[in-house]
Amino acid sequence: GGFDLEAVEPFLTQALEVEREGDAAARASRDASIWGMIGGAREGLGDLDRAREAYTQALALNPENSRATEGLARLNAN
């Protein structure tokens, strides 16, 4: 058994709301990583439109986020 993808997204979304220390660039990079994970969870659930939105948000925060780049490429290939 894996893990419950539906159960993961609320925790990831909550992580975006937690105030973290560090400079703006570090926060943007962390948030981009979280959005990439949210995109992956949504993609795994078959919610492709919302996965695309999450990946796009990740790339807006960090254009070098490989998870989001690969996720969008995968979604756009279909």
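The values are calculated or read from the model by the stated rules, or taken from the named source; none is laboratory data. In this text the structure is predicted, and so the values were computed from the model without any measurement. Because the Cβ atoms are built from the backbone with ideal geometry, glycine has one as well, and the counts that use them run over all protein chains shown.
Here are some notes:
- Wholly within the chain, helices (runs of 4 or more DSSP H) carrying at least 3 residues that are of a type in the set (S, T, N, Q) and at pLDDT 90 or above: 66-76
- Within region 20-36, considering residues that are of a type in the set (Gly, Ala, Ser) and within 10 Å of the chain's Cα centre (by Cα), the one surrounded by the most Cβ atoms within 10 Å (Cβ to Cβ): Gly36
- When Asp47, Asp31, Asp23 are checked against the criterion of being in contact with a helix residue (DSSP H, G or I) (Cβ under 8 Å, 6 or more places away or on another chain) and free of Cβ contacts under 8 Å to residues at least 40 places away in the same chain, a single residue qualifies: Asp31.
- Which listed residue, of Leu45, Leu61, Leu72, is within 14 Å of Pro10 (Cα to Cα), of a type outside the set (Gly, Ala, Ser) and surrounded by fewer than 22 Cβ atoms within 10 Å (Cβ to Cβ): Leu45
- Filter result for Gly39 (loosely packed, with under 10 Cβ neighbours inside 10 Å and not aromatic (Phe, Trp, Tyr)): no
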